[in-house]
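In what follows, a structure is listed as structure tokens, so that the remarks can point back to it.
Where a number appears in this text, it was derived from the coordinates with a stated rule and is not lab data. Since the structure is predicted, the reported quantities are computational estimates derived from the model, not experimental observations. Cβ: placed from backbone, ideal geometry, glycine included. Neighbour counts: every protein chain shown.
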Amino acid sequence: MLVLRKGVYNHIYFFQIGYCNVILDMLTLRSRCVTYVNKMKVANSLKTLKNRHKACKLVRRKGRVYVINKRVPKFKARQG
């Protein structure tokens, strides 16, 4: 099902295809696919995943070990 929404300007439309939010500009006839989903990577060992960025930290919550990163949220990971 395709749901169209008008933006602040009359020539911009938003709709969703799967996980992708599409922004369509009717003046320039350009479209952009924007994904807002930040999925957590699951790995057996977090040793290499904690070295992906300087701000990555190892945290233990509710019996699970996580790698969190406040600056770049795409580096989230969970051991399991």
Positions within region 54-75 being of a type in the set (D, E, K, R) and part of a helix (DSSP H, G or I), in sequence order
74
Within region 38-53, of all residues that are assigned to a loop (DSSP other than H, G, I, E, B) and within 25 Å of residue 21 (Cβ to Cβ), the one farthest from the chain's Cα centre (by Cα) is 40
